[in-house]
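Here is the structure we will look at.
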Amino acid sequence: MSTSNNMLNILTLFSIEEPVLDADIICEKLNFSKPTGYRYIKDLVAHGLLQRLHGGQYTFGPRISVMDYISQKSNPILRISIPLMLEIVEQTELNCCLTQFYEDYCIDIHHESFKDSSLLGYGRGRPRPAYAGAAPKIILANTGTKIQKSIFEKYQVQFMASAYAQTETEFLEKLNQVKKQGFYASQGELENHLGAIAVPIIYSSKAFPLALSIVGSVKRFNLIHVETIVDILTKAAKQIENEFKSLNHESDL
């Protein structure tokens with residue numbers, strides 16, 4: 001494996017559960033010799049991707065924060081989506097999330113809250129399950145069969161336990177129904193007190209779809225008109241798709 005891959009693998013070891021790691025533990029987890037592992041860590045510190053704390057312990061460095069800031073300010077999808085998400089929050093008085101699929105989990109890349117609502121347990125960048133909630137279902141429904149099968153194989157126990165699907169065939173059929181419907185509504189799937197409605201944003205043939213969703217308390221969801229919310233979300237999703245395609249077309253000229 002190349003040096004660059006080895007160094008990137010070090011960064012992937014850090015998580016919410018393990019935000020700080022000892023240098024020797026890093027070497028042990030990745031089967032590096034200590035001289036090799038220490039050299040990689042030293043280079044990552046030099047580039048600001050890691051910072052040393054005390055006693056040979058390390059955590060993410062300041063360059064990570066800079067990269068996240070650049071991502072928030074320069075990502076064209078975010079620049080297009082955020083004004084529309086603010087409008088959705090204003091119209092619905094609910095929270096609005098933009099979610100993407102990565103590997104075998106979902107992450108919210110942006111969310112707007114109604115009056116600083118503290119309902120959302122998952123914030124920007126925090127991985128959440130690929131088997132629960134409206135956003136994962138609508139994204140999976142608009143991906144290829146190969147990916148759908150791999151997710152079912154990995155999380156079959158969870159899909160069965162939630163009574164969503166008992167077999168792969170049933171799982172694929174349900175996702176096909178979701179795709180035809182154009183949205184997915186959930187109540188209590190990800191967190192017991194939350195409901196959500198999500199629609200897909202299919203902005204590129206070379207990338208996973210995104211999910212645009214509104215999120216609120218289950219009590220509130222019992223009172224909303226689903227068709228109205230779906231219409232608001234769908235119009236916003238189409239506008240995001242069209243503006244992104246227009247942006248790409250202009251850059252090709």
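A short reminder: the numbers here are calculations on the coordinates, not readings from a lab. Treat the numbers as computed from the prediction; the structure is a model and nothing was measured. Here the Cβ positions follow ideal geometry from the backbone for every residue, glycine too, while neighbour counts run over all protein chains shown.
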### Query
Of Ile229, Ser33, Pro19, which is farthest along the charge dipole of the chain in the positive direction, counting Lys and Arg as +1 and Asp and Glu as -1 at C-beta?
Ser33
### Task
At a Cα cut-off below 24 Å, give the lysines reachable from Lys34, other chains included and same-chain residues fewer than 8 away excluded.
Lys42
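Which value, in debye to the nearest 20, describes the size of the charge dipole of the chain about its Cα centre when Lys and Arg Cβ atoms bear +1, Asp and Glu Cβ atoms bear -1, and nothing else is charged?
Details: 25 positive and 27 negative charges, 68 e Å.
Computed about the Cα centre, the dipole is about 320 debye.
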### Query
For the stretch 3-65, what relative contact order do you get, as a whole percent, if you take Cα pairs closer than 8 Å and at least 6 residues apart?
32
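About its Cα centre, how strong a charge dipole does the stretch 1-79 have in debye, to the nearest 20, once Lys and Arg get +1 and Asp and Glu get -1 at the Cβ?
Details: 8 positive and 7 negative charges, 71 e Å.
Its charge dipole is roughly 340 debye.
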### Query
What is the Rg over Rh value, at two decimals, for the stretch 3-65, using alpha-carbon atoms and the Kirkwood definition of Rh?
0.91
#### Entry: Gaussian network model of the chain, springs between alpha carbon atoms under 10 Å - residue of Ile201, Ile107, Ile64 with greatest fluctuation
Ile64
## Note on the structure
For the stretch 123-132, in residue order, the Karplus 3J(HN,Hα) values (coefficients 6.51, -1.76, 1.60; θ = phi - 60°; whole Hz; Gly and Pro = x) are x, 4, x, 7, x, 9, x, 8, 10, 9
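Which value, in debye to the nearest 20, gives the size of the charge dipole of the stretch 1-151 about its Cα centre, when Lys and Arg are +1 and Asp and Glu are -1 at the Cβ? Write out the running numbers ahead of the final one.
On the way: 15 positive and 15 negative charges, 90 e Å.
The dipole magnitude comes to about 440 debye.
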#### Entry: Per-selection metrics, the chain (Cα): Rg and Dmax in Å
20.5, 62
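How much net charge surrounds Gln187 when only the other residues with a Cβ under 11 Å from the Cβ of Gln187 are counted, with Lys and Arg +1 and Asp and Glu -1? Don't skip to the answer; put the middle values down first.
Values: positive: Lys219, Arg220; negative: Glu189, Glu191.
Charge balance near Gln187 sits at 0.
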### Estimated FRET transfer efficiency (Arg63, Ala161; beta-carbon r; R0 41 Å; 0.05)
0.50
### Candidates Phe60, Phe159, Phe171, ranked by Gaussian network fluctuation over the chain, Cα under 10 Å, top entry
Phe60
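222 nm [θ] for the chain, helices only, -39500 (n - 2.57) per DSSP H run of 4+, per residue, to 500? Intermediate values should be presented prior to the final figure.
Working: 11 runs with 129 residues, N = 253.
Estimated from H runs of four or more residues: -15500 deg cm²/dmol.
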### Message
Based on C-alpha coordinates, I'd like the Rg and Dmax of the stretch 174-220, in Å.
### Response
12.2, 38
### Query
Which one of Gln91, Gln156, Gln57 has the biggest mean-square fluctuation once the chain is modelled by GNM with Cα springs under 10 Å?
Gln57
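Gain in length, Glu18 to Lys238, computed as 0.36 nm per residue apart minus the alpha-carbon separation, to one decimal in nm?
75.3 nm
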### Message
I need the shape label for the stretch 80-219. Rule: rounded when a/c is under 1.5, else prolate if a/b > b/c, else oblate, with a, b, c from the alpha carbon gyration tensor.
### Response
prolate
### Query
For the stretch 170-228 and the stretch 66-100, what is the separation of their C-alpha centers, rounded to whole Å?
17
